[in-house]
Every structure is written in structure tokens, then in C-alpha cells.
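Participant: Take a look at the following structure, please.
The values are calculated or read from the model by the stated rules, or taken from the named source; none is laboratory data. Quick caveat, the model's predicted, so the values are computed rather than measured. So basically every Cβ, Gly included, is an ideal-geometry build from the backbone, and we count neighbours across all protein chains shown.
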Amino acid sequence: MFDLNSLLRDNIKRLVPYSTARDEFKGEASIFLDANENSFGSPLPVNYNRYPDPMQWKVKYKLADIKGVPPQNIFLGNGSDEVIDVLYRSFCRPGVDNVVIFPPTYGMYEVSANINDVIVRKVSLTPDYQIDMAALQEAVDEHTKMIFICSPNNPTGNSINRDDIEMILNNFDGLVVVDEAYINFARQKTFISELTEYPNLVVMQTLSKAWGLAALRVGMAFAGEDIINVLNKVKPPYNINQAAQDLVLVALDNIVQVNEWIRETVVERDKLAAGLISLKQVLEVYPSDANFLLAKTTDAKGIYNHLVAKGIIVRDRSKVELCNGCLRITVGTPEENTVLLETIAQVPVTA
Ligand SMILES: *Cc1c(COP(=O)(O)O)cnc(C)c1O
């Protein structure tokens, strides 16, 4: 049985959250002398002298419309990376509790665990990059608080079988965190629609990838209201700055442009995959539901260095488990992809 209260750290259960100046005041006012701000303004064309809304309601209402979830079921972090950190700090006792991750996967689950002194249990993906369900069962114990599932997975690009995720949601009493950073490019549908079904589900998304707002640092978590309330209590009060909130509101009105780029990216991804596999330097291109491709090459280091020398940067994943010889390549513009393919083709193939 899932019981949020029994998952929470005792110090968080007892925590009295920071009360901001604006939390304590309710109603209308025109003179604000409660927060020690600069009452004269900012040395900028636009004023940023007032603290931002700690709950980011305007942004959440607009996101609620787009995502089809109530605003109370949305948490915003300074990037998904902050969401991951706040999850650890809320639920995992340092040195006692553990989480399960499925390598090769996104690096921050482990780094953030290490920062918080949370034990990481690694259950390697199978050779076809799916979850080894038997090994997962072995890895989980009474101190396992969270299971991180990255789908589509970074760096492999594939989606994780939906049936397996549902099986985990139905049988694990801790939190199941499904990281959907690349969901906009996937054939799979989002797990957001399952939130009412599973009280232990946390879906993470981000504005850093398809939405083209990586520099603004806005990540999202969607979950039951009780989970969202915990995260809000633990986060730094003003974790999304005013400039980011203002710009996100403008960007969210441009969904037509974003959807157009998503379509273009998927077309380019499939063209790039075909181009790569036709090169003798490339041995395999793995199926991708994301905006990048994982390609197994004859000589990852050599190709990587040649690309760098020509001013092209890709990600060398060849030292990562199950990714021998692999480069992870983000889908670029058509022109960028053409230059990439021409440049890889210049690398001598050593038998
Ligand atoms: C890029 C990425 C993120 C996004 O992180 P932000 O902090 O929101 O920029 C999250 N998860 C995965 C798997 C990613 O690849």
C-alpha cells in the first residue's frame, strides 16, 4: 500500500516552511514595505525589484491548459535537476535510504543522490535497453524510496516499455519517477494522463528540450497534490526568478512554433539516422524517440576528436556501459546535419 506519510523523512514531516513576506499578507495593497526590496526600482529598462511569486501561479495556470492537469498538480523547479534534488531531500534519509536507477541513463540521478548521501542501486538495462524486471525485483528493499525511469531514455534514445512501467507502478510502494524530458519527440504517450490512477507516480518534464528554453532553467513535475505540497515546502522559496517566469509566459503562447520544430526535428532525426547508417564509420544507429541519436561507430574517440577539430561537438558515450563505441548526436538543423555527415565521412576507417 502506498502511504506518502511513511515515505517522508521525519524532519520534512515536522518542517515548518519559510514564510515569505508575501505569504503573510493577503489582499490589495499599493505600498510594499515588507520585504526590504529597493523601493525605487531596478537599474534596468524593466523593474525586477520585487520578489517573484514563489508559487509561480500564472505559469502553472498556462501549463495546466497545455498539459491538461490542474495547476495544483504542477511543481516547478530551477530545471529538472532541482526537481530531482528536492525529491531526494524530501524522501531519502542520507546514508539509510536508496533509489534504483537503470544505467545507462541520465547522470544527474546518481550525482544528486551522491550529493545527498543517498545509496544508488544500479540495475543495468538489458542489451535492447529495456528494464530487467527480475533484477529490479532483487534490487528493491524496504529502504528503496524511489525508482527513476527515464523514458525516452538518455543516452539510448528509446522509450521504456509501457507495460513494464505500469507493472512497477502497480507493485512498488515508493515513488516511481518517470522522466519525460524527451516526450515531445516520442511515439509513446505521456504518463501525465495516468496521474489519477497512480498515487505513487511523479512525471518530470522540462522546458529545456523541445520548448527551446534551456537557459531559463524551468523543469516541471506532475504528481498528486499531496506530493506537490511536499515539494513546495522543501524548495527554496523563490526558485523560479521573475525574468524566467515572464519569458516562459510569452513562450507558452508560441506552441504553434514549438510543434512545428518538433515535427521538423523528427523528420530530420530519421533522415540523419539514414545518413549515419550509410557511413562506413557507423556500425549501428539505435531507434530513437528523442531529439538525438545513439550511434555505434568503428572508432568513437577518433571520430569525436576529428569532429572537435572541425568545430563540431557531439557527446562521446563510448565509455558508458552498454554504449561501447557510441556517440550521442543531437539532431541539428538540416545544414548542420549535412556538415556533420560530411565530416564523419572524412575519418579514415581502420580495420
Ligand atoms: C536534458 C534532460 C533533463 C533536463 O534537465 P533540466 O535541468 O530541466 O534542463 C532532464 N532529464 C533528462 C533525462 C535530460 O536528458
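Participant: I'd like the full set of residues that are in contact (Cβ under 8 Å) with a residue 60 or more places away in the chain and not aliphatic (A, V, I, L, M), limited to the stretch 288-323. Steps first, answer last, please.
Facilitator: Let us first name the residues in the stretch 288-323 that are in contact (Cβ under 8 Å) with a residue 60 or more places away in the chain, namely 288-294, 315, 317, 320-323.
Correct list: S288, D289, N291, F292, R315, R317, E321, C323.
Participant: May I pose another question? Among the residues of the stretch 64-86, which ones are within 14 Å of the ligand (Cβ to nearest atom) and assigned to a helix (DSSP H, G or I)?
Facilitator: S80, D81, E82, V83, I84, D85, V86, listed by residue number.
Participant: Looking at (1) closer than 16 Å to Y109 by Cα; (2) among the polar types (S, T, N, Q); (3) within 16 Å of the ligand (Cβ to nearest atom), which is the only condition T144 fails?
Facilitator: Single failed check for T144: (3).
Participant: Need the failing condition index for N232 against (1) in a loop (DSSP other than H, G, I, E, B); (2) in contact (Cβ under 8 Å) with a residue 60 or more places away in the chain; (3) away from the ligand (no atom under 16 Å from the Cβ), just the number.
Facilitator: With respect to (1) in a loop (DSSP other than H, G, I, E, B); (2) in contact (Cβ under 8 Å) with a residue 60 or more places away in the chain; (3) away from the ligand (no atom under 16 Å from the Cβ), N232 is out only on (1).
Participant: Residues in the stretch 87-115 that are more than 16 Å from the ligand (Cβ to nearest atom) and of a type in the set (D, E): how many?
Facilitator: Result for the stretch 87-115: 1.
Participant: Give all pairs with beta carbons closer than 9 Å in which a residue from the stretch 31-57 that is without any contact (Cβ under 8 Å) to a residue 24 or more places away in the chain meets a residue that is surrounded by fewer than 15 Cβ atoms within 10 Å (Cβ to Cβ) and aromatic (F, W, Y); count only pairs at least 6 apart in sequence or on separate chains.
Facilitator: That search, which allows pairs on different chains as well, returns F32/F25; D34/F25; S39/F32; N49/F40.
Participant: State which residue is surrounded by the fewest Cβ atoms within 10 Å (Cβ to Cβ) when the search covers only the stretch 270-304 and only residues that are part of a helix (DSSP H, G or I) and out of contact with any helix residue (DSSP H, G or I) (no Cβ under 8 Å at 6 or more places or on another chain). Explain how you work it out, then say what you get.
Facilitator: The initial filter retains those residues of the stretch 270-304 that are part of a helix (DSSP H, G or I), namely 270-277, 300-304.
Checking which are out of contact with any helix residue (DSSP H, G or I) (no Cβ under 8 Å at 6 or more places or on another chain) leaves us with 270, 273-274, 277, 300-302, 304.
Working: D270: 13, A273: 20, A274: 11, I277: 13, A300: 21, K301: 13, G302: 15, Y304: 20.
Across the stretch 270-304, the extreme among qualifying residues is A274.
Participant: Go over the candidates V267, V202 one by one and state the one that is within 16 Å of the ligand (Cβ to nearest atom) and aliphatic (A, V, I, L, M). Steps first, please.
Facilitator: On the way: V267 fails: within 16 Å of the ligand (Cβ to nearest atom).
Just one listed residue meets the conditions, V202.
Participant: Name the single residue that is farthest from L87 (Cα to Cα) among those in the stretch 156-209 being crowded, with 20+ Cβ neighbours inside 10 Å and of a type in the set (D, E).
Facilitator: E180
Participant: Would you tally the residues in the stretch 215-255 being in contact with a Gly (Cβ under 9 Å, 6 or more places away or on another chain) and β-branched (V, I, T)?
Facilitator: 2
Participant: Any idea which of G219, G224, G212 is modelled with pLDDT of 95 or more and more than 16 Å from the ligand (Cβ to nearest atom)?
Facilitator: Working: G219 fails: more than 16 Å from the ligand (Cβ to nearest atom); G212 fails: more than 16 Å from the ligand (Cβ to nearest atom).
Exactly one of G219, G224, G212 is modelled with pLDDT of 95 or more and more than 16 Å from the ligand (Cβ to nearest atom), namely G224.
Participant: Something else: Any idea which residue in the stretch 71-119 is farthest from D132 (Cα to Cα), counting only those that are surrounded by fewer than 18 Cβ atoms within 10 Å (Cβ to Cβ) and among the polar types (S, T, N, Q)?
Facilitator: Q72
Participant: With respect to the numbered conditions (1) touching a residue at least 40 places away in the same chain (Cβ under 8 Å); (2) of a type outside the set (F, W, Y); (3) not assigned by TED's automatic domain parsing to the domain that holds F91, which one is the sole condition not fulfilled by R9?
Facilitator: Here R9 meets the rest and fails (3).
Participant: So how many residues does the stretch 196-217 have that are under 14 Å from L63 (Cβ atoms), touching a strand residue (DSSP E or B) at 6+ places or on another chain (Cβ under 7 Å) and hydrophobic (A, V, I, L, M, F, W, C)?
Facilitator: 2
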